[in-house]
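Please read the structure below before turning to the comments.
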Amino acid sequence: MLEPLSTVTRRFFSYLIDLMPQHKITPESPIGIFDSGIGGLTVVKAVQAALPAERIIYFGDTARVPYGPKSQVTIRRYAREDTEILMKHQPKMIIVACNTVSALALDVVEEAAGNIPVIGVLKAGAELAARRSRSGRIGVIGTQATIGSNAYACAIHGENDELEVISKACPLFVPLAEEGFIDHPATRLVAEEYLSEIVRRNIDTLVLGCTHYPILRAMIERITGPDIAIIDSAEAVACKAGELLATHGMLNRGSHRAVPHLLVSDLPQKFRELYRLFMGTELPDVELVGV
Ligand code: DGL
């Protein structure tokens, strides 16, 4: 389990050594998490469940969502700017709660984060899928950019090159999730169109390779049926973050359950409503930031 963390661990180690006075990191520092919109809240939820004492600062780039249909150049620019927004809050770690950025711009985030560790959802999801699949036939659904990059297939083959990966871009799932169409006939129609072929290809595992998709998980599962295991990279990345922090004595040992600090680049009120719908918990303030 330590092996896949080696790069992150090295960087973590060097940041402890090279701590810059203006970026003071302690176990009480927050974990920075970002996504293009509400999708990353699935990661926030998983991190809160796994590490309830951790402070979380979340940025949703609601002014520029969706990232999936955009070019690599644009996605890389957004990734840098998103990281810079979080860095102002002096996080002890960044979690890229966006598969599209994890696939196309993880190096940009690492550079902008300086010496603090960066974990992306994509690798965590790929590792979990490779471990769980019994038949060796894994389906991956994601945005156009993620599927077009082939990053999931590469990461899964990095775990085991005998696994077969069947991929499908499902771009309309992001606006449906952003719209809160969790149990809507339009979502069913779109999901049937996207998933019917991949289900016929005898996969035993389906990776939700976009953090917006777990919001539609119940609908997706109705179509894939009970024989296909669903992999949600949010849980995998939360577990990985906990291991990394524990290894380096950076876990927040407080007993207080912290409320996340939320930042968005547009429409904070809409974000608050969606937060209530998906998280079903007390409503934190949502701060508007410029991009
Ligand atoms: N939720 C993101 C992902 O995991 C981005 C979706 C989008 O903005 O298109 O890929």
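Throughout, read-outs are computed from the coordinates displayed, never taken from laboratory work. In this text the structure is predicted, and so the values were computed from the model without any measurement. Glycine gets a Cβ as well: all are built from the backbone with ideal geometry, and neighbour counts include every protein chain shown.
Per 0.36 nm of contour for each residue apart, how much would the distance between residue 161 and residue 197 grow if the chain were fully extended, relative to their Cα-Cα spacing? Please list the in-between numbers first.
Details: separation 36, 0.36 × 36 = 12.96 nm, distance 2.34 nm.
10.6 nm is the gain from fully extending residue 161 to residue 197.
To the nearest 20 debye, what is the magnitude of the charge dipole of segment 208-291 about its Cα centre, counting +1 on the Cβ of each Lys and Arg and -1 on the Cβ of each Asp and Glu? Can you show the working numbers first?
Working: 8 positive and 10 negative charges, 24 e Å.
That gives a dipole near 120 debye.
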Report the gain in length on full extension from residue 88 to residue 144: 0.36 nm times residue separation, minus Cα-Cα distance, nm rounded to one decimal. 17.1 nm
Quick check: the angle from helix 185-200's long axis to the longest principal axis of the chain, C-alpha only, nearest 10 degrees? 80 degrees
Averaging 1/r across every pair of distinct alpha carbons in segment 159-249 and inverting yields a Kirkwood hydrodynamic radius, in angstrom, of 14.6 Å
What value, in deg cm²/dmol to 500, does the helix sum -39500 (n - 2.57) over DSSP H runs of n ≥ 4 give at 222 nm once divided by the residues of the chain? -14000 deg cm²/dmol
Final fewest-first order of 278, 271 on the 10 Å Cβ neighbour count is 278, 271
Phi-based couplings in Hz for segment 147-152 (Karplus 6.51, -1.76, 1.60; Gly and Pro marked x): 5, x, 6, 6, 5, 5
Springs between alpha-carbon atoms under 10 Å, Gaussian network over the chain: tell me which of 109, 101, 190 tops the mean-square fluctuations. 190
At q = 0.08, 0.12 Å⁻¹, what is the base-10 log of I(q)/I(0) for the chain according to the Debye formula with one equal point scatterer per Cα and no solvent? Please give it to two decimals. -0.31, -0.71
Using every pair of alpha-carbon atoms in segment 48-168, split the distances into 10 Å bins beginning at 0 and state the percent of pairs per bin, rounded to integers. 13, 40, 33, 13, 1
Sketch the reach of a paramagnetic label on residue 137 as a point 7 Å from Cα along Cα-to-Cβ, and name the residues of segment 182-215 whose backbone nitrogen lies under 13 Å away. 197-206
Within the chain, how many Lys pairs sit with Cα atoms under 19 Å apart, leaving out pairs fewer than 8 places apart on the same chain? 10
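For segment 47-174, with only Lys/Arg (+1) and Asp/Glu (-1) charged at the beta-carbon, what is the dipole magnitude about the Cα centre, in debye rounded to 20? Please report the intermediate quantities before stating the final value.
On the way: 14 positive and 13 negative charges, 62 e Å.
Roughly 300 debye for segment 47-174.
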Place a +1 charge on the Cβ of each Lys and Arg in the chain and a -1 charge on the Cβ of each Asp and Glu, then give the dipole magnitude about the Cα centre in debye, rounded to the nearest 20. 220 debye
